[in-house]
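**Q** Once you've had a glance at the structure underneath, I'll fire off some questions.
The values are calculated or read from the model by the stated rules, or taken from the named source; none is laboratory data. This one's a predicted model, so the numbers in the text were calculated from it and none came from an experiment. Methodologically, a virtual Cβ is constructed for each residue, glycine included, from the backbone with ideal geometry; neighbour enumeration extends over all protein chains shown.
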Amino acid sequence: MIYQISVPGLVADVEEIRVLEWHDGIGHEFDAGDLIVELETHKALVEVRAGQRGVLRQILVEEGNWQKIGFPLCLMSDTPSEPLPESVESARDLLVAFEIT
Amino acid sequence: MSLSNHASSIDALRTMMLIRAFEATLARRRDHGFQLLSAGEEAVAVGLCGVLADDDQLLTSGRSIAPALARGLDPARVMAELLGKASGFNKGKGGRGHLAAPHNGFFGAHAVVGGNISIAAGVALSRQLAAAPGIVAILFGDGACGAGALHESLNIAAIWKLPLLFVCNNNQLSVATPRATALAPKLLSDLAHTFGVPSRTVDGMDVFEVARAAGEAVAGIRAGQGPAFLECISERFGSHSTTARETRSQADLSSLRSRCPIARYGASLRAAGLLDDAGFRELEEEISTIMARVVDFADASTMPDAAEVLTDVL
Amino acid sequence: MFSEMPKENDATVKMYFREAIIRALREEMRDDLNIVLLGQDIGAFGGSYREFDGLYAEFGPQRVRDMPVAEAAMVGVGVGAAAAGHRSVVSITYMDFLMLGFDPLINYAAKLRYKTGGQLNAPVVVKTTAGARGQGVAHSQCLEAWLMSVPGLKVVAPSTPADAYGLLKAALRETGPVVYVDHKRLFPIPGDVPIGEEITPIGHAATRRVGVDLTITTHSFMTRVALEAAELLAAENISAEVIDLRSLAPLDMDTVTASVRRTGVLLTLEEGQMTCGVGAEVATRVRERLGRAGGALRIARLGALPAPVSSNPVLEAACLPDAHRVAAAARALLAGSVTEVLADTSTTHLWSTS
């Protein structure tokens, strides 16, 4: 199964965020609770943690780049070698927990 | 500088006499304008300025003539400014309420009651940041002691240990309002206690006492101990301003005159053998000569061109 | 000036509004060691919008100073320090509280050069955040119009991170007092800022959108609302020109007048009150400049309804202009159904279209 993580709708008025740091690279398997990526809003840091196990397959927004709310950040999958789709529309949302600091 | 030596004592008397004569000359003119005078209160300004050094800065309220003269500003240019002449310190554009000569250590007057106090704290902060020598003194009246500006500035000065001397010239009347009906503290110097700022109250009609207390306060500030507060209790001979009605009785006013700080100090100098009749006459003549020059200069000076209305705005 | 100056080097970096502010302050504070910042919670806390983040760590407590909640003293101390040689930035977190500092700002700072005959001046920047976003009647006001008429005071209002940076740098090089007004709702919106040092000159508006059918003049957050309205209008083949004033005192009337001369139709837009507002001044000056030569000018003003701005989301939304209302006003103006809109509640027909 292919999953995507898209930018969570965080607070009112935030339309766009910056990717701060990806924790670990392509191929890394994250357990539930692991920190996947840190995002930055205009006043807070957002830690995006895995809500389920998954392998990071493709980073769509590099560190220092921007993404709009609701748009995808990366693709993940259950297993390391599942073929990736042409487009991300077919990907389901990965279960994530996020914490704003 | 204390008043314990001959020269400075005579200087103090001369300056008080100059202020008295200057203001009397001004008040007699038809074009005297809106003025706040200091007859009776001269000892406060003169005692304070007697302990200020060249690189100190003095800020005042709208009752600025006595402090400006005490600070050593050229009386001719002070008169010119008061009369709106272009040769005045402020090019005639400020008048008494905003008289300024920062290069002479007189950062300036400001006519809003209490309005110059937080400004003075800012000037003191700049001094502190620059590690510059010199302290800042802010002179205000009892009328400013109910204003938040004073309390806010005392607080900031205390927290940051600013090199700032707060001098309250408490002439016990704010226009027509006696101190007791407007201000809860009996001693205005108590206001400083709340903020842990050392303070004293002295007799503002005694120039020697004012100078001594101011000297001690200033020494502490120069030593880096932070701000201090000095209350000088005085009495003014005239009403609040040249347009304000007098509220006191003739009897009160006559009895006031008997407490004149100039007569009192003159008498103490005579008693100490520092001044005799001849010396006194010399002082009077000196002041006469100065005032003649002042009036000539002011009368010969012209008003600013109307086009000056739009200069120095931005 | 009809539009932004073309840049030799268009290289930019996208950043948040607050980052643009920090960058301007950091550059100027490194260059001029006499700049100090005064504010509430601006030190280790970095400011309520994190708009001073990192400055305390770099410049220390001498130059980045936390003050108690005492806006009158904050402004007074900043003004006095500036007059004595230490250029100050006084941060007033909410523009609603700037009123407490009006005495030192208006009675002293704005008048200092004049009243001393040029002997003293106060290079102080009062930086304050205006605007409504659910925080209630005393935390929502846009009061910049009140300050435009003070002789001796300059007033600027950036609407983008690039101008947050450029105008703050410009303000920090002025020799007199400047009030720099940003807006709560601008902080979440990133934008491109030139990589090289660039100063936005004070007194120059920016044409944000070129159009031919009407001119919308605006500033601050309402610039974004105007652009949104312009998109709505474009779908109806109405071409709106949007001018972001950027500088409220002095106003760039050359740019505005040139635009209205071309379009013949002016809609002024602000979040603040219309009565004696920014738009009132712009509209009057356009009339004065164009007069009969302007032909039959059609002018309307749009701003908040004459009520305090409540934290209640229904009431706040009802009070303030949004893209739909701006578009409705533009349509009404172009249809000729209003020639001049007065700032009283009888103009409810402008609110009926959504």
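Listed here are the residues, each with its yes/no results for (1) under 27 Å from residue B:203 (Cβ atoms); (2) in a strand (DSSP E or B); (3) within 9 Å of chain C (Cβ to nearest Cβ); (4) among the aromatic types (Phe, Trp, Tyr).
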position: B:118; (1), (2), (3), (4): no, no, yes, no
position: B:134; (1), (2), (3), (4): no, no, no, no
position: B:146; (1), (2), (3), (4): yes, no, no, no
position: B:156; (1), (2), (3), (4): no, no, yes, no
position: B:169; (1), (2), (3), (4): yes, yes, no, no
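**Q** Please give the number of the condition residue B:301 fails out of (1) within 24 Å of residue B:19 (Cα to Cα); (2) away from chain C (no Cβ under 14 Å); (3) hydroxyl-bearing (Ser, Thr, Tyr).
**A** Answer for residue B:301: the failing condition is (2).
**Q** Can you tell me which residue among B:298, B:292 is at pLDDT 95 or above, under 19 Å from residue B:88 (Cβ atoms), in contact with a Leu (Cβ under 9 Å, 6 or more places away or on another chain) and part of a helix (DSSP H, G or I)?
**A** Values: B:292 fails: in contact with a Leu (Cβ under 9 Å, 6 or more places away or on another chain).
On inspection, the qualifying residue turns out to be B:298.
Yes/no per residue for (1) among the polar types (S, T, N, Q); (2) modelled with pLDDT of 95 or more; (3) in a helix (DSSP H, G or I):
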| position | (1), (2), (3) |
| --- | --- |
| C:257 | yes, yes, yes |
| C:271 | no, yes, no |
| C:282 | no, yes, yes |
| C:287 | no, no, yes |
| C:291 | no, no, yes |
| C:303 | no, yes, no |
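**Q** How many of the residues in the stretch C:94-143 are assigned to a loop (DSSP other than H, G, I, E, B) and surrounded by 22 or more Cβ atoms within 10 Å (Cβ to Cβ)?
**A** Kept after step one, since they are assigned to a loop (DSSP other than H, G, I, E, B), are these residues of the stretch C:94-143: C:94, C:116-123, C:131-143.
Still in the list and also surrounded by 22 or more Cβ atoms within 10 Å (Cβ to Cβ): C:116-117, C:122-123, C:131-132, C:140-142.
Looking only at that region, the number is 9.
**Q** Look at the stretch B:127-184 and say how many of its residues are of a type in the set (Phe, Trp, Tyr) and either within 16 Å of residue B:59 (Cβ to Cβ) or in contact with a Phe, Trp or Tyr (Cβ under 8 Å, 6 or more places away or on another chain) (or both). Spell out the reasoning first.
**A** The first filter runs over the stretch B:127-184 and keeps only residues of a type in the set (Phe, Trp, Tyr), leaving B:140, B:160, B:166.
Retained after the next criterion (residues that are either within 16 Å of residue B:59 (Cβ to Cβ) or in contact with a Phe, Trp or Tyr (Cβ under 8 Å, 6 or more places away or on another chain) (or both)): B:140, B:166.
Qualifying residue count for the region: 2.
**Q** Please give the number of the condition residue C:90 fails out of (1) part of a strand (DSSP E or B); (2) within 14 Å of chain B (Cβ to nearest Cβ); (3) under 22 Å from residue C:277 (Cβ atoms).
**A** Condition not satisfied by residue C:90: (3).
**Q** Further question on the same structure: Between C:78, C:101, C:118, which is farther than 29 Å from residue C:273 by Cβ and assigned by TED's automatic domain parsing to the domain that holds residue C:187? Before the answer, list the steps.
**A** Values: C:78 fails: farther than 29 Å from residue C:273 by Cβ; C:101 fails: farther than 29 Å from residue C:273 by Cβ.
Of C:78, C:101, C:118, the one residue that is farther than 29 Å from residue C:273 by Cβ and assigned by TED's automatic domain parsing to the domain that holds residue C:187 is C:118.
**Q** Let me ask something additional. Could you check the stretch B:188-202 and list, in sequence order, the residues that are buried (at least 16 other Cβ atoms within 10 Å of the Cβ) and either in a loop (DSSP other than H, G, I, E, B) or of a type in the set (Phe, Trp, Tyr) (or both)? Explain how you work it out, then say what you get.
**A** As a first pass, look at the stretch B:188-202 and keep what is buried (at least 16 other Cβ atoms within 10 Å of the Cβ): B:188-189, B:191-192, B:195, B:197-202.
Residues satisfying the conditions are B:188, B:189, B:195, B:197, B:198.
**Q** Checking the conditions here, which among B:108, B:72, B:94 is farther than 29 Å from residue B:155 by Cα, within 9 Å of chain C (Cβ to nearest Cβ), at pLDDT 95 or above and not in a helix (DSSP H, G or I)? If you could, list the steps in order and put the result at the bottom.
**A** Values: B:108 fails: farther than 29 Å from residue B:155 by Cα; B:72 fails: within 9 Å of chain C (Cβ to nearest Cβ).
It is B:94.
**Q** Evaluate the stretch B:35-43: report whether one residue or more is within 14 Å of the chain's Cα centre (by Cα), within 14 Å of chain C (Cβ to nearest Cβ) and under 26 Å from residue B:148 (Cα atoms).
**A** no
**Q** Among the residues of the stretch B:158-167, is any among the β-branched types (Val, Ile, Thr) and part of a loop (DSSP other than H, G, I, E, B)? Step through it out loud before you land on a result.
**A** Of the stretch B:158-167, the ones among the β-branched types (Val, Ile, Thr) are B:159, B:167.
Filter once more, so that each one left must be part of a loop (DSSP other than H, G, I, E, B): none.
The answer is no, given that none of the residues of the stretch B:158-167 is among the β-branched types (Val, Ile, Thr) and part of a loop (DSSP other than H, G, I, E, B).
**Q** Do you know which of the residues in the stretch B:53-68 that are more than 14 Å from chain C (Cβ to nearest Cβ) and surrounded by fewer than 24 Cβ atoms within 10 Å (Cβ to Cβ) is farthest from residue B:203 (Cα to Cα)? Don't jump to the end; show me each part of the working.
**A** To start, the set of residues in the stretch B:53-68 that are more than 14 Å from chain C (Cβ to nearest Cβ) comprises B:53-54, B:63, B:65-67.
Subsequent filtering for residues that are surrounded by fewer than 24 Cβ atoms within 10 Å (Cβ to Cβ) retains B:53-54.
Details: B:53: 23, B:54: 26 Å.
So the residue we want is B:54.
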